[in-house]
Structure formats: structure tokens, C-alpha cells
Amino acid sequence: PYYEVRRLAFLKELGARQQAWSRTLAALQGAPMIAYHNNWAYFARRFRLNFAGYIEAKPGVPPSPAHLAGLISSMRTQKIKVIVRQPHEPEKNTRFLAERAGARVVTLAASVGSVAEASNYLSLFDHNVAALARGYAGTP
């Protein structure tokens, strides 16, 4: 009974937060963004986000100058204003693209503990949703 009560409480809290997260990200649905690596598929599907390209097209293989030039062109054409990265991913190419295309870099947590604000499962999503919303609003 102890575990069942806690499970039901967690599910209730999760449901409420999912609704809040969906409301917060509703304005971003379909808006194109770039990610450092293709590891946000489930998050994108759940919140209907559009990752239009990736800095690292193949895992562990740094992008070529031609690939970066293509991303800059796509970002300008599609008016992409946000680049998503994780704390452990290299900043060099992310900064380069952001400067050249006039975009903002948003750091998201892929796992609990990867940023201080993501101390548990719910706060992980709280952090990511808030960071994306701030990134699109142009605030730090």
C-alpha cells in the first residue's frame, strides 16, 4: 500500500506537470531548431518540436566545414533562432553557428544530475521546458 500511494501521487503530479509543460511549449510547436546531436527524438515527439538539423550528423564525428556552412544557410533560410546542446557537448561549433546565424544556445539536461536544476525526473523536465521557453523568448 505504501508504494501504491506514492505511485499514484507521483502519477498525479506528473499529469499536472505534463499539462503545464505542454502549455508552455505550445507556442514552440513546429518552430525549427538545431541540436548538437540527435538525442531529443522522444522529447520532440512528446511536445511536437521540430529539430531541423544536427551539428554532429554522426555520433562522435565532428562536423565538417561544409556541414556547418550548410547549417548556417538552413538556419538563415528557416529563421532558426535556437540551438540545443547538452552540458557535456562541445561549445565551439555551437557558439560558431549561433554567432553566424544570430541564434541563441539553450543547454538542456538529458539526464538527472547533468545540470544542478535537474535533481530528479520532474525537475529535469521543468528545467528543459523553462530553458527552451527562455531561449525562444530571447532571455537568458
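Odds and ends about this structure:
- Pick from region 96-138, criterion polar (S, T, N, Q) and under 15 Å from the mean Cα position of the chain (by Cα), ranking: nearest to Thr24 (Cα to Cα): Asn128
Residue-by-condition table, conditions (1) basic (Lys, Arg); (2) within 25 Å of Arg104 (Cα to Cα); (3) surrounded by 11 or more Cβ atoms within 10 Å (Cβ to Cβ):
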position: Leu8; (1), (2), (3): no, no, no
position: Lys12; (1), (2), (3): yes, no, no
position: Ala20; (1), (2), (3): no, yes, yes
position: Arg23; (1), (2), (3): yes, yes, no
position: Trp40; (1), (2), (3): no, yes, yes
position: Ala44; (1), (2), (3): no, yes, yes
position: Ala57; (1), (2), (3): no, yes, yes
position: Val61; (1), (2), (3): no, yes, no
position: Ala69; (1), (2), (3): no, yes, yes
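- Just one residue in the set Gln78, Gln86 is in contact with a Ser or Thr (Cβ under 9 Å, 6 or more places away or on another chain) and modelled with pLDDT of 95 or more; that residue is Gln86.
- For region 91-109, the criterion of being at positive phi and not hydrophobic (A, V, I, L, M, F, W, C) is met by at least one residue.
- Identification of helices (runs of 4 or more DSSP H) wholly contained in region 26-132 with 1 or more residues that are of a type in the set (Asp, Glu) and without any contact (Cβ under 8 Å) to a residue 40 or more places away in the chain yields 92-101.
The values are calculated or read from the model by the stated rules, or taken from the named source; none is laboratory data. None of the values given here were measured: they were computed from a predicted structure. Counting neighbours? That spans all protein chains shown, and the Cβs are built from the backbone with ideal geometry, glycine included.
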